[in-house]
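Q: Have a look at this one before I ask anything.
The values are calculated or read from the model by the stated rules, or taken from the named source; none is laboratory data. Since this is a predicted model, take the numbers as computed values, not measurements. Every residue, glycine among them, receives a Cβ derived from its backbone with ideal geometry; neighbour counts consider all protein chains shown.
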Amino acid sequence: MGSATAVVFAACSGGSSTPANGPTTAGAARVPFPDSERVRVQHLLRRAGFAPSESEVQAALALGRDKLVDALLNPAAGTDGLPAELRTLTVSDATKPEDLVLWWLRRMTTTQQPAVEKLTFFWHGLHTSGLDKLGVRGVGSLYNQNVFQRQTAYGRFADILKGISRQPAMMIYLDLQTSVAAHPNENFARELMELFSMGPGNYSEDDVRAAARAFTGYSIDRPSQGYVFRPVLHDNGSKTFLGQTGNLSGDDVIDIILKQPATPKFLAGKLWSFFAYDNPDEATLAPLVQAFNASSGDVRAMLKALFTHPAFYSDTAYRAQIKSPLDLAVGAARQLGLAGTAPLLGRWLRALGHVPFNPPNVAGWPGGPAWLTSGSLLSRANTVSSLLAPARGAGATAQLDVDRYLQTYNLTTAGQLVDHFLLLMADGQVTPESHAAIVDYVSGSQGASLSLGGLSGAERARRVQGGLYLIMAGPEYQLA
């Protein structure tokens, strides 16, 4: 039993969230990766975006996996399908932090480009700023930072690092706007190297002090609340950073960081851990590092190397991640076509500590086994229940149209229904006992051949929703 699965089953049985011998680091799979192109496509869609709907899976299969990767990495402008109110957010529309959170959740559950939002969330968790420090006054700057991270998500790492250093939300979060020649503040300089670009062990305290001096003069213009550089506050003295000496600026520091061998390895590792599995070895990361070096740090090139890598479709990667609360909530809403559930999702994410724009600290969210305990598993199941039964789920304004869904996919018997959703939601990878139990519930112990059309509308909806609950609250659905 792999670490992710062991965690899930420990929680299901009411035990600890960590296996008895501690979590393994490779994220080994519970079962081998099935030899199925549909499963490979579903795996790609789950990881690159959120759990896909049946229509998304069918469209992806028709496109083919190679073209699908290209489509995910090259989203066409104007094809996100978002209404105008979700494409932009004005400060007058967002008078409190909850408005900002709900705006992004609505984008995630509505967009026809889920990979864009998933990658934006990656950058949000890596180069993060939070409402805990910025508060209500920071809503506008956090929104602007979110827009920046979405616009540059697939771009060059150089542009991403230089741009984030000029985002007022980041500047306030890490005190960069207070850093002046007379009193350099080291917070941003340290996190830039440790958490944002190279990782610990690749710089010295002298490098931190030199970088802090280089970033002095970065300020926020009071009228516009935008970035402004104030030369009078910049330290123009000679600085030595990672072996290079001169009157270095903040951009110079980033350029030097980008030349360090540690930098592409750091970014490759972060991307791999987020989209594939934890603790990859150097040989696995080599194609991503090569893509970085060959493309001047182009993230799109690195992601193509990742999503076409044999290890991404390996036993080690398969179902190796525990879904984060956000991944579970947004994925469930998208699979069921429930775009009107953002308020419900927002409340649930607050309860489990995974609210966008509000990470626990500058290192972002811990992830992995931390997401799953016996208590949180119950909360995850309750959220699924609320999504499926909006009358009991305050804030849910959409409901699965059971009859329309059955007609669309020609599902006429209990067995067809269960097989359809198990394939979509769990790749069909459940035990015979679990399969039988779900069929038994949906059919009322009358067997897989029970005609769904012979039930009353209310009874049919109840049984379909109950069967979906058993699948989505089960251990297989907790894994990505």
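Q: Are there any pairs with C-beta distances below 9 angstrom linking a residue in segment 334-356 that is under 19 Å from GLY368 (Cβ atoms) to a residue that is of a type in the set (Phe, Trp, Tyr) and part of a loop (DSSP other than H, G, I, E, B), with the two at least 6 apart or on different chains, and if so which?
A: Filtered contacts from segment 334-356: GLY353/TRP365; HIS354/TRP365.
Every residue, every condition in (1) within 14 Å of LEU131 (Cβ to Cβ); (2) charged (D, E, K, R); (3) modelled with pLDDT of 90 or more, yes or no:
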{"position": "LEU72", "(1), (2), (3)": "no, no, yes"}
{"position": "PRO75", "(1), (2), (3)": "no, no, yes"}
{"position": "THR88", "(1), (2), (3)": "no, no, no"}
{"position": "SER92", "(1), (2), (3)": "no, no, no"}
{"position": "LYS96", "(1), (2), (3)": "yes, yes, no"}
{"position": "VAL101", "(1), (2), (3)": "yes, no, yes"}
{"position": "TRP104", "(1), (2), (3)": "yes, no, yes"}
{"position": "THR111", "(1), (2), (3)": "no, no, yes"}
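Q: Take the residues in segment 127-165 that are farther than 22 Å from PRO264 by Cα and among the charged types (D, E, K, R), then tell me which one is surrounded by the fewest Cβ atoms within 10 Å (Cβ to Cβ).
A: Applying the first criterion (farther than 22 Å from PRO264 by Cα) to segment 127-165 yields 129-147.
From what is left, the residues that are among the charged types (D, E, K, R) are 132-133, 137.
Numbers: ASP132: 14, LYS133: 14, ARG137: 9.
Of everything passing the filter in segment 127-165, ARG137 is surrounded by the fewest Cβ atoms within 10 Å (Cβ to Cβ).
One line per residue, one yes/no per condition, for (1) on the phi < 0 side of the Ramachandran plot; (2) polar (S, T, N, Q); (3) surrounded by 17 or more Cβ atoms within 10 Å (Cβ to Cβ); (4) assigned to a helix (DSSP H, G or I):
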residue: ALA333; (1), (2), (3), (4): yes, no, yes, yes
residue: ALA351; (1), (2), (3), (4): yes, no, no, yes
residue: GLN407; (1), (2), (3), (4): yes, yes, no, yes
residue: LEU411; (1), (2), (3), (4): yes, no, yes, no
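Q: Would you be able to say whether some residue in segment 218-230 is surrounded by 14 or more Cβ atoms within 10 Å (Cβ to Cβ) and touching a Leu at 6+ places or on another chain (Cβ under 8 Å)?
A: yes
Q: Please give the strands (runs of 3 or more DSSP E) falling wholly within segment 160-252 in which 3 or more residues are in contact (Cβ under 8 Å) with a residue 12 or more places away in the chain. Show your work before the answer.
A: Numbers: elements: 218-220, 227-229, 239-241, 244-246.
Where strands (runs of 3 or more DSSP E) fall fully within segment 160-252 and carry at least 3 residues being in contact (Cβ under 8 Å) with a residue 12 or more places away in the chain, they are 218-220, 239-241.
Q: Residues being surrounded by 18 or more Cβ atoms within 10 Å (Cβ to Cβ) and either outside any helix (DSSP H, G or I) or among the aromatic types (Phe, Trp, Tyr) (or both): count how many of those fall in segment 363-372. Please lay out each step first, then the result.
A: The first filter runs over segment 363-372 and keeps only residues surrounded by 18 or more Cβ atoms within 10 Å (Cβ to Cβ), leaving 365, 368-369, 371-372.
With either outside any helix (DSSP H, G or I) or among the aromatic types (Phe, Trp, Tyr) (or both) added as a condition, the list becomes 365, 371-372.
Within segment 363-372, residues that are surrounded by 18 or more Cβ atoms within 10 Å (Cβ to Cβ) and either outside any helix (DSSP H, G or I) or among the aromatic types (Phe, Trp, Tyr) (or both) number 3.
Q: Can you tell me which residue is surrounded by the most Cβ atoms within 10 Å (Cβ to Cβ) among those in segment 446-480 that are within 21 Å of GLY368 (Cβ to Cβ) and aliphatic (A, V, I, L, M)? Lay out the reasoning, then the answer.
A: Keep residues of segment 446-480 that are within 21 Å of GLY368 (Cβ to Cβ), which gives 472-480.
When the remaining residues are screened for being aliphatic (A, V, I, L, M), the result is 472-473, 479-480.
Working: MET472: 26, ALA473: 19, LEU479: 24, ALA480: 21.
Among those that are within 21 Å of GLY368 (Cβ to Cβ) and aliphatic (A, V, I, L, M), it is MET472.
Q: Residues to consider are LEU377, LEU306, LEU345, LEU387; find the one that is crowded, with 20+ Cβ neighbours inside 10 Å, in contact with a Cys (Cβ under 9 Å, 6 or more places away or on another chain) and part of a helix (DSSP H, G or I). Write out each step before concluding.
A: Values: LEU306 fails: in contact with a Cys (Cβ under 9 Å, 6 or more places away or on another chain); LEU345 fails: in contact with a Cys (Cβ under 9 Å, 6 or more places away or on another chain); LEU387 fails: in contact with a Cys (Cβ under 9 Å, 6 or more places away or on another chain).
Result of the check over LEU377, LEU306, LEU345, LEU387: LEU377.
Q: Check segment 286-304 and report whether any residue there is under 20 Å from LEU126 (Cβ atoms) and of a type in the set (Asp, Glu).
A: Yes - at least one qualifying residue is present in segment 286-304.
Q: Another question, if that's okay. Out of all the residues in segment 78-119, which are in a helix (DSSP H, G or I) and acidic (Asp, Glu)?
A: Going through segment 78-119, the residues in a helix (DSSP H, G or I) turn out to be 84-87, 97-110, 114-119.
Answer for segment 78-119, where residues must be in a helix (DSSP H, G or I) and acidic (Asp, Glu): GLU85, GLU98, ASP99, GLU117.
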